[in-house]
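Some notes on the structure that comes next.
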Amino acid sequence: MVNLNNSYRYTIFKILYKFLKTNTSYKLILSSFLKKSFYTTKDKSNILNTSKGILRNRLILDLYIDSYSSVAANKIDKKTLILLYIGIYELLYCDYIPAYATINTIVDISKKKNYKSHKYINAMLRKISLKKNDVLKKNNYKSKNEELSIKYSFPLWLVDYLLKYYSFKTVEEIFKNSHLIPNISFRVNTIKFSIKKIKDTFEKKGIKYKQNEINKDYFTIDKIGNKIISEMLNNGYIYIQNPASGFIVDYFNPLEGDFILDACSAPGGKSSYINQQTNNNSSLICLENNLNRINKLKANISNLSIENVEFEIADARFFKYRKKFDKILVDVPCSSSGTIRKSPDIKWSLARDHLTNLKNNQYDILNNLSRCLKKNGEIMYSTCSILNDENENIINKFLDKNKNFSIKPCIDKKFKKFINNLGGLTILPIKDEYEGMFAVKMVKND
């Protein structure tokens with residue numbers, strides 16, 4: 001019988017059960033388990049990759065269950081369903097694991113934790129291991145939308161939503177890209193370290209890297225486990241951040257001497273890059289709404305040797321300040337739909353009605369903070385979302401109700417392929433390791 005305390009599969013079971021049962025943040029659940037000292041590096045890798053792989057391919061796993069079981073996946077109790085997910089995922093996607101090892105362990109877990117279903121689970125997994133038919137090819141889809149939904153494991157409502165705004169080809173590219181395991185992107189903190197030193201170190205240690213062609217401060221590597229990379233992170237020489245975030249700050253264009261507000265600023269990626277670009281010669285106020293996020297923000301800012309920063313704890317919807325700002329970055333809380341490749345849990349935690357609350361808060365934040373701007377000052381609205389309700393629709397609503405603001409388009413030629421209909425940036429997660437981002441900069445005219 002399997003020892004549950006030493007079983008990474010049982011840990012995956014607990015993580016996914018809590019996530020799918022309670023809709024608690026997957027990231028928080030995952031981090032709470034990975035902090036435990038008794039997991040080996042291999043265990044942690046299996047826990048991370050398998051749990052994310054299941055969330056990335058959930059509807060495909062459902063389809064296999066529906067094809068081989070008399071009980072539909074959505075009718076099976078959560079404990080049994082998740083044990084099936086783990087077993088089927090390993091049988092389909094982990095060829096390096098013997099089928100008997102997967103089946104025996106999953107059945108043992110079932111016997112210990114959910115006794116009545118262990119015979120059903122055993123029969124299901126054995127059936128699938130012997131046949132492993134490609135049920136995707138056999139399936140008769142009711143529509144092209146349903147085919148996209150199941151083939152790439154995206155909720156049907158999200159497929160329908162995206163196809164209202166993007167072509168079928170573009171949506172399929174986004175979905176295909178979401179199934180690729182992302183490499184690690186980081187920014188060189190040139191306040192403490194030079195790009196030349198990064199390259200010299202990597203070449204000396206034989207670390208393969210790719211420097212971003214648009215913004216030379218950004219690099220991509222295959223994995224982060226290297227000791228050199230860990231030391232660079234701990235010393236504040238580099239910061240894990242996708243190049244798309246850097247493009248947003250480039251468009252924001254902070255200048256030395258600017259008095260800047262970065263709203264909703266934790267964990268500090270864009271904040272630190274703002275002051276990096278001004279050589280610590282701008283004055284930056286970082287705004288967050290709770291102490292935990294402020295503390296994380298302060299730690300990152302300190303580690304990166306960012307100076308001339310003050311911190312404010314307040315709700316951005318109601319925030320006021322004693323002075324007006326030259327520039328304001330409003331990087332609002334959003335669905336994070338542009339980051340599904342690294343966070344597939346977003347597909348299952350995001351609900352259609354959740355968008356209503358998000359977009360109302362986003363507009364209220366933008367509308368309030370616009371009052372904190374000097375005449376001729378600039379305010380940038382940004383998200384890591386690819387959903388129009390959070391992006392273009394917010395800007396159009398704001399401009400309709402605030403006639404004293406106008407869009408300041410991005411004119412930098414290096415961003416030509418990202419320029420959207422409003423003149424801002426829309427970066428879709430379809431290639432080049434970029435996460436989905438949206439940004440529009442506006443100027444206050446009176």
Is it the case that LYS227 is basic (Lys, Arg) and in contact with a strand residue (DSSP E or B) (Cβ under 9 Å, 6 or more places away or on another chain)? no
Subset of region 164-181 [open to solvent by less than 40 Å² (accessible area, probe 1.4 Å) and hydrophobic (A, V, I, L, M, F, W, C)]: VAL171, ILE174, PHE175
Please go through (1) open to solvent by less than 50 Å² (accessible area, probe 1.4 Å); (2) out of contact with any Gly (no Cβ under 8 Å at 6 or more places or on another chain); (3) over 26 Å from ASN388 (Cα atoms) for TYR161 and return the number of the only condition it doesn't satisfy. (3)
Considering only residues that are under 18 Å from ASP326 (Cβ atoms) and in a helix (DSSP H, G or I), which ones fall in region 267-278? LYS270, SER271, TYR273, ILE274, ASN275, GLN276, GLN277
List every residue pair whose Cβ atoms lie under 8 Å apart, where the two residues are 6 or more positions apart in sequence or sit on different chains, the first residue falls within region 115-141 and is surrounded by 17 or more Cβ atoms within 10 Å (Cβ to Cβ), and the second residue, located anywhere, is basic (Lys, Arg) and assigned to a helix (DSSP H, G or I). SER117/LYS79; HIS118/LYS111
Of the candidates SER149, SER153, the one satisfying the condition of being modelled with pLDDT of 95 or more, among the hydroxyl-bearing types (Ser, Thr, Tyr), touching a helix residue (DSSP H, G or I) at 6+ places or on another chain (Cβ under 7 Å) and not in a helix (DSSP H, G or I) is SER153
Across region 64-91, what is the number of residues that are touching a residue at least 24 places away in the same chain (Cβ under 8 Å), among the hydrophobic types (A, V, I, L, M, F, W, C) and open to solvent by 20 Å² or more (accessible area, probe 1.4 Å)? 0
Of ASN361, ASN445, ASN357, which residue is of a type in the set (S, T, N, Q), over 22 Å from the mean Cα position of the chain (by Cα) and open to solvent by 10 Å² or more (accessible area, probe 1.4 Å)? ASN445
Among the residues listed as SER382, SER370, the single one being polar (S, T, N, Q), open to solvent by less than 60 Å² (accessible area, probe 1.4 Å) and closer than 29 Å to GLU213 by Cα: SER382
Just give me the residues in region 13-25 being in a loop (DSSP other than H, G, I, E, B) and touching a residue at least 60 places away in the same chain (Cβ under 8 Å), in sequence order. ASN23, SER25
May I ask you to verify whether LEU34 is open to solvent by 20 Å² or more (accessible area, probe 1.4 Å), at pLDDT 90 or above and among the aliphatic types (A, V, I, L, M)? no
Limited to region 209-240, what total is found for residues that are closer than 16 Å to PHE193 by Cα, in contact with a helix residue (DSSP H, G or I) (Cβ under 9 Å, 6 or more places away or on another chain) and open to solvent by less than 20 Å² (accessible area, probe 1.4 Å)? 5
Count of residues meeting criterion [part of a loop (DSSP other than H, G, I, E, B), within 23 Å of GLY436 (Cβ to Cβ) and among the polar types (S, T, N, Q)] in region 234-266: 4
For the subset of region 382-435 comprising residues that are within 16 Å of LEU366 (Cα to Cα) and aromatic (Phe, Trp, Tyr), which member is farthest from the chain's Cα centre (by Cα)? PHE405
Considering each of LYS35, LYS79 in turn, give the residue that is among the charged types (D, E, K, R) and more than 14 Å from ILE12 (Cβ to Cβ). LYS35
Residue count, region 201-222, condition in a loop (DSSP other than H, G, I, E, B) and among the basic types (Lys, Arg), comes to 2
What single numbered condition from (1) open to solvent by 10 Å² or more (accessible area, probe 1.4 Å); (2) within 18 Å of LEU329 (Cβ to Cβ) fails to hold for PHE247? (1)
Conditions (1) open to solvent by 10 Å² or more (accessible area, probe 1.4 Å); (2) at pLDDT 95 or above; (3) farther than 30 Å from ASP432 by Cα: number failed by PHE325: (1)
Single condition LYS408 does not satisfy, out of (1) surrounded by fewer than 19 Cβ atoms within 10 Å (Cβ to Cβ); (2) among the basic types (Lys, Arg); (3) in contact (Cβ under 8 Å) with a residue 60 or more places away in the chain: (3)
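The values are calculated or read from the model by the stated rules, or taken from the named source; none is laboratory data. Predicted, not measured: the structure shown is a model, and the values here were computed from it. Reconstructed Cβ throughout: ideal geometry from the backbone, glycine too, with neighbour counts over all protein chains shown. Areas reflect the complete protein model, heavy atoms only, side chains present, ligands, DNA and RNA absent. Shrake-Rupley method; radii C 1.70, N 1.55, O 1.52, S 1.80 Å.
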